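**Q** One structure coming up, written as structure tokens, with questions to follow.
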Amino acid sequence: MRHALTILVSVSLAATATSAQRPRLPQPDTDGWTSAFAVEPGELVATGRNPYFVLEPGYQLILEGGSVRLAVTVLDATRTVAGVETRVVEERETDKGKPVEVSRNYFAISTRTNSVFYFGEDVDIYKNGRVTSHEGGWLAGIGGARFGLAMPGEPRPKAKYYQELAPAAMDRAEIISLNATVTTPAGVFTNCLETEETTPLEPGTKEAKYYARGIGLVQDGSLKLVRHGRPK
């Protein structure tokens, strides 16, 4: 009989001396937010398509708001994180054409449930054209970090789940609606999935995001979709 397992729910607690200085990660499903995700061996792959999250190399989303531009590109590259082959998705944020932040994010999709899981990110934060920080970077399996849920395969209103589970990153999302309407430069999208993102690391901070079926992210705060697909 094949048993479901939760990858890295119990990670080695090495470096105990430093763990006391880190924010405590939530224990599985003890604070009202799902933080443990059962997957079966071999079900996670690096390429696929969730109704609201595309993991196909070459796919790109461009969002803009004022002088800020965010380019989200699914790269033709993978990285093994915590024993799982993940797809690399680059997020490149600029302001007036100058780099603000560039991150390489690591995702895998379930062939069983169609859920997309998040295994971490490497972050470069810029100031005056130079990298000054890597704040917010994390990888599942390192320093007690565990993978989170980026997008459920079957989203349901009021579902609450952690997207990131690391001392430096604890973003979490609650599904608010499945029928939001969003107007963007790229068009009007109906029946969008709306989430509200928060983090216990910054109490009181909230961010709304909207996802259109078959496309993905169409609004992130004040940033709205201007084009999507494969760049010419």
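**Q** For the subset of region 51-76 comprising residues that are open to solvent by less than 30 Å² (accessible area, probe 1.4 Å) and small (Gly, Ala, Ser), which member is nearest to Leu139 (Cα to Cα)?
**A** For region 51-76, the residue satisfying everything is Ala71.
**Q** Mind telling me which of the residues Thr94, Thr111, Thr86 ends up being surrounded by fewer than 18 Cβ atoms within 10 Å (Cβ to Cβ), under 22 Å from Val54 (Cα atoms) and among the polar types (S, T, N, Q)?
**A** None of the others qualify; the one that does is Thr111.
**Q** If you scan region 205-226, which residues turn out to be in contact (Cβ under 8 Å) with a residue 24 or more places away in the chain, of a type in the set (Val, Ile, Thr) and farther than 12 Å from Arg69 by Cα?
**A** Ile215, Val218, listed by residue number.
**Q** Could you run through region 115-144 and say how many residues are in a loop (DSSP other than H, G, I, E, B) and either open to solvent by less than 50 Å² (accessible area, probe 1.4 Å) or in contact with a Leu (Cβ under 8 Å, 6 or more places away or on another chain) (or both)?
**A** 7
**Q** Taking region 152-167 on its own, how many of its residues are out of contact with any Asp or Glu (no Cβ under 6 Å at 6 or more places or on another chain), outside any strand (DSSP E or B) and closer than 26 Å to Gly141 by Cβ?
**A** Matching residues across region 152-167 total 4.
**Q** Tell me, which residue of region 41-50 that is farther than 16 Å from Arg146 by Cα and of a type outside the set (Lys, Arg) is surrounded by the most Cβ atoms within 10 Å (Cβ to Cβ)?
**A** Of everything passing the filter in region 41-50, Asn50 is surrounded by the most Cβ atoms within 10 Å (Cβ to Cβ).
**Q** Inside region 97-108, can you point out the residues that are among the hydroxyl-bearing types (Ser, Thr, Tyr) and surrounded by fewer than 21 Cβ atoms within 10 Å (Cβ to Cβ)?
**A** Residue satisfying the conditions is Ser103 alone.
**Q** Conditions first: (1) within 30 Å of Val39 (Cα to Cα); (2) touching a Ser or Thr at 6+ places or on another chain (Cβ under 7 Å). Arg69 passes all but one, so which condition is the exception?
**A** Status for Arg69: all satisfied but (1).
**Q** Just need a number here: residues in region 157-201 that are open to solvent by less than 20 Å² (accessible area, probe 1.4 Å), among the aliphatic types (A, V, I, L, M) and in contact (Cβ under 8 Å) with a residue 24 or more places away in the chain.
**A** Count: 8.
**Q** Tell me whether region 96-107 contains one or more residues that are assigned to a loop (DSSP other than H, G, I, E, B), more than 28 Å from Ala36 (Cα to Cα) and among the charged types (D, E, K, R).
**A** Looking for residues that are assigned to a loop (DSSP other than H, G, I, E, B), more than 28 Å from Ala36 (Cα to Cα) and among the charged types (D, E, K, R), one finds at least one in region 96-107, hence yes.
**Q** Take the residues in region 215-224 that are in contact with an Asp or Glu (Cβ under 8 Å, 6 or more places away or on another chain) and part of a strand (DSSP E or B), then tell me which one is surrounded by the fewest Cβ atoms within 10 Å (Cβ to Cβ).
**A** Applying the filter and picking the extreme gives Lys224.
**Q** Another question, if that's okay. Residues in region 197-210: is at least one of a type in the set (Phe, Trp, Tyr) and out of contact with any Asp or Glu (no Cβ under 7 Å at 6 or more places or on another chain)?
**A** No - not one qualifying residue is present in region 197-210.
**Q** Go through Arg172, Arg146 for me and flag whichever is closer than 28 Å to Val81 by Cα, touching a Lys or Arg at 6+ places or on another chain (Cβ under 8 Å) and basic (Lys, Arg).
**A** Going through Arg172, Arg146 in turn, the sole match is Arg172.
The values are calculated or read from the model by the stated rules, or taken from the named source; none is laboratory data. All figures in this text were calculated on a predicted structure; none of them were measured in a lab. So basically every Cβ, Gly included, is an ideal-geometry build from the backbone, and we count neighbours across all protein chains shown. Just so you know, the surface numbers come from the protein's heavy atoms only, side chains and all, with ligands and any DNA or RNA stripped out. Shrake-Rupley method; radii C 1.70, N 1.55, O 1.52, S 1.80 Å.
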